[in-house]
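Before any comments, here is the structure.
Each reported figure results from applying straightforward, stated rules to the coordinates on display, with no laboratory input. Everything quoted here is computed from the prediction, not taken from an experiment. A quick note on method: Cβ atoms are made from the backbone with ideal geometry, for glycine too, and the neighbour counts reach across all protein chains shown.
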Amino acid sequence: MMEGDSPSITRSDEYRLLETYCQKRKPQQRVCMLSLGAQTGGEKYENVAEKLTRIVDSGLLVDDGIEPDSVNTDVIEQLVDLLKKSGDDLNEKIEKNHELLGNLQCTFSYDFFEKLISAFIKSVVPEFPQSRNKHEQIALTFEVTSRLRALDLQPMNKVMGFGAQYLQKNFTPWVKQHGGWEKAFDDDDEVH
């Protein structure tokens, strides 16, 4: 069994919510979502995934026009830059950068994933981790996990397991404190 792929992780609310979110982010896979709906919890996670999608799409991610420096040796920084501009050609851009591709294939672990997510959130929400806006931080975690899942570098379930593990470690206590996923993201009760 791979790191981040334990049965408790894959049955967790975080993992199932990530599955639902990833399906929402890939409209062309919508047909598969019908069969996945019962598996992931269907409507239970659908509302939260929709709210997370709206947070990300509300202008949280802005393309700052900076091109990744091909001489830059910091793999995490390069990947953060590419993920911020992510589009359908992200896989192609990474595959063209053989050094980055090699580093990613060799070093992709939970520790690497954790550093990447933290660096990404900090690049968008500079006051992270002191920021009180947990909604944005959580939404960005879902978005980056979704974008990494789409890459051909690692098995999807490994990335999803890492995402669920990161959410459990960094945000689940806050979510529980606010009544669970649905209540924490209730539009009428914008808790930050």
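Using the Cα gyration tensor of segment 97-188, with a ≥ b ≥ c the square roots of its eigenvalues, what is the shape: rounded (a/c below 1.5), prolate (a/b larger than b/c) or oblate (neither)? Prolate. Peptides 49-56, 106-113 ranked from most to least packed, by the mean per-residue count of other Cβ atoms within 10 Å: 49-56, 106-113.
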